[in-house]
Amino acid sequence: MSDVNAIVSAGKRLLLNNYRQAPVAMSRGEGCVLWDTDGRRYLDMTAGIAVCVLGHGDPGLARALGEQASRLIHTSNLYYVENQIRLADALVRRGFPGRAFFCNSGTEANEAALKLARRYQVTTQSRPERIELVAFENSFHGRTVGALSVTGQAKYREGFGPLFGPVRFLPFGDVEAVRAQITTRTCAVIIEPIQAEGGIFLPPAGFLQELRRRCTETGTVLIFDEVQTGVGRTGTFYGFEKEGVIPDVVTLAKGLGGGVPIGAMLANEEVGRAFEPGTHASTFGGNPFATASGLYVQETIDRMGLLERCREAGAYLANALTRMAERRRPRTRGQRGRGLLQGLVLDGDAAPVVTRARERGLLLSVVGGNVIRLVPPLIVSKAEIDEAIQVLDSVLGDV
Ligand SMILES: Cc1ncc(COP(=O)(O)O)c(C=O)c1O
């Protein structure tokens, strides 16, 4: 079963039907390039949905994982895991003063954050009535019941109610709503510093500062979901650095392990003390193997200057997208994004463009219905960006 058609038809028969998958199966990768099982080449501007920050087939990551696997893969959190502690130290040193809990995905990191915030208000602060959550319209925080409860898009929630709550959804970027609706009865606020899945929306200048101010004023726990914006994606390690705001809790996943499943929730000392022995756990969370990948990513970000490279490549890509958007009007409406989290906004459904681009060897994804998302590995070169722009431009000319 090695050719693409055989894999696709077996997949249709054997897997649950919850994904809208393209009829392609990848076999190997190198840098920003993937090859499918029929040997076809693709330039990858998806990086496994903003995950593979070091690109594909990084030999150093493979070596680090091989060495770790041959020594020790898993022990559980019955015992201390040295790699886990070293990774927590690295994440704190990146600019978040606090402590870490490790899990296996973004959803789980958000789930942990919501549980921590509730326990902090209800138990540590002895305010059992303080349970209301505030989240934002058009947000995406994941698919478990807790993370889905604060996801402000009907299409993900349909058919799964009643969910965790109560949750109040505010318009993203609305300072007046923040001032009026976050009160001393609010437990926590969860927000993406840039809404990614919803269509790459940046908050208006000063909005996150105002949100921070209001949360401090009312004693509300401020959670930043940096599952997509974190680990250098927007040109700084944490997206919040650019805003000059530090949340009480921050969640990470995606890029953290360069492709190996790992998530993290970091909390400041004050809120973090709500987790005591037995209050939360994960069997696999922070295991030696996954945290070895995290450590390798941390070290490589510095060794290769990937934050700086992301800022440069991001500016280059944003500029190219802006020019293309102007050239292809009225089919396109413009560019949005920061660093290597970039979107090209179309005047209609982006799916046919993504399909046609894939047929021409360029991998892209759709967010918010009409936005083409480009989230390449942070090692992407200008020549690769030029190639992506050229293919996308010609597809826009045709579709
Ligand atoms: C901002 C944000 N939060 C949470 C998630 C869920 O992460 P995961 O799919 O790793 O559970 C995602 C995934 O796209 C995300 O973009």
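The values are calculated or read from the model by the stated rules, or taken from the named source; none is laboratory data. No experiment lies behind these values; they were computed from the predicted model shown. So basically every Cβ, Gly included, is an ideal-geometry build from the backbone, and we count neighbours across all protein chains shown. Remember, those area values only see protein heavy atoms, side chains included, never the ligands or the DNA or RNA. Shrake-Rupley method; radii C 1.70, N 1.55, O 1.52, S 1.80 Å.
Quick notes
- Tally of residues being under 24 Å from Val375 (Cβ atoms) and either in a loop (DSSP other than H, G, I, E, B) or touching a Lys or Arg at 6+ places or on another chain (Cβ under 9 Å) (or both) across region 256-291: 6
- Candidates Pro203, Pro247, filtered to the one that is within 29 Å of Phe275 (Cα to Cα), within 16 Å of the ligand (Cβ to nearest atom) and open to solvent by less than 20 Å² (accessible area, probe 1.4 Å): Pro247
- Restricting region 88-106 to residues that are in a helix (DSSP H, G or I) and either open to solvent by 40 Å² or more (accessible area, probe 1.4 Å) or touching a His at 6+ places or on another chain (Cβ under 7 Å) (or both), the residue that is nearest to the ligand (Cβ to nearest atom) is Val92.
- In region 68-85, the condition of being buried (at least 23 other Cβ atoms within 10 Å of the Cβ) and within 16 Å of the ligand (Cβ to nearest atom) is met by no residue.
- Within region 222-229, at least one residue is in contact with a Ser or Thr (Cβ under 9 Å, 6 or more places away or on another chain), of a type in the set (Val, Ile, Thr) and at pLDDT 95 or above.
- Pro277 vs. criteria open to solvent by 50 Å² or more (accessible area, probe 1.4 Å) and either within 16 Å of the ligand (Cβ to nearest atom) or touching a residue at least 12 places away in the same chain (Cβ under 8 Å) (or both): no
- Residues of region 262-316 satisfying the condition of being in contact with a Phe, Trp or Tyr (Cβ under 8 Å, 6 or more places away or on another chain) and aromatic (Phe, Trp, Tyr): Phe275
- Failed criterion for Leu306 (all others in (1) open to solvent by 10 Å² or more (accessible area, probe 1.4 Å); (2) out of contact with any strand residue (DSSP E or B) (no Cβ under 9 Å at 6 or more places or on another chain) hold): (1)
- Only one of Ile262, Ile190, Ile200, Ile182 that is closer than 25 Å to Glu312 by Cβ and of a type in the set (A, V, I, L, M): Ile200
- Taking region 312-399 and the strands (runs of 3 or more DSSP E) fully enclosed by it, the elements with 2 or more residues that are under 22 Å from Gly29 (Cβ atoms) are at 341-346, 365-367, 371-374.
- The residues of region 212-241 that are part of a helix (DSSP H, G or I), more than 11 Å from the ligand (Cβ to nearest atom), open to solvent by less than 20 Å² (accessible area, probe 1.4 Å) and not aromatic (Phe, Trp, Tyr), listed by number, are Cys215, Thr218.
- Residues within region 107-116 that are within 15 Å of the ligand (Cβ to nearest atom) and open to solvent by less than 10 Å² (accessible area, probe 1.4 Å), tallied: 5
- Matching residues in region 214-247 - criterion: being within 19 Å of Phe102 (Cα to Cα) and in contact (Cβ under 8 Å) with a residue 40 or more places away in the chain: Ile223, Asp225, Val227, Gln228, Thr229, Val231, Gly232, Phe237, Tyr238
- So Arg358, is it farther than 19 Å from Gly199 by Cα, in contact (Cβ under 8 Å) with a residue 12 or more places away in the chain, out of contact with any strand residue (DSSP E or B) (no Cβ under 9 Å at 6 or more places or on another chain) and surrounded by fewer than 21 Cβ atoms within 10 Å (Cβ to Cβ): no
- Single residue of Gly48, Gly60, Gly66 found to be part of a helix (DSSP H, G or I) and under 18 Å from the mean Cα position of the chain (by Cα): Gly48
- Subset of region 4-60 (residues that are among the charged types (D, E, K, R) and either loosely packed, with under 12 Cβ neighbours inside 10 Å or free of Cβ contacts under 8 Å to residues at least 24 places away in the same chain (or both)): Lys12, Arg13, Arg20, Arg41
- Apart from one condition, Val189 fits all of (1) without any contact (Cβ under 8 Å) to a residue 24 or more places away in the chain; (2) closer than 23 Å to Val271 by Cβ; the exception is (1).
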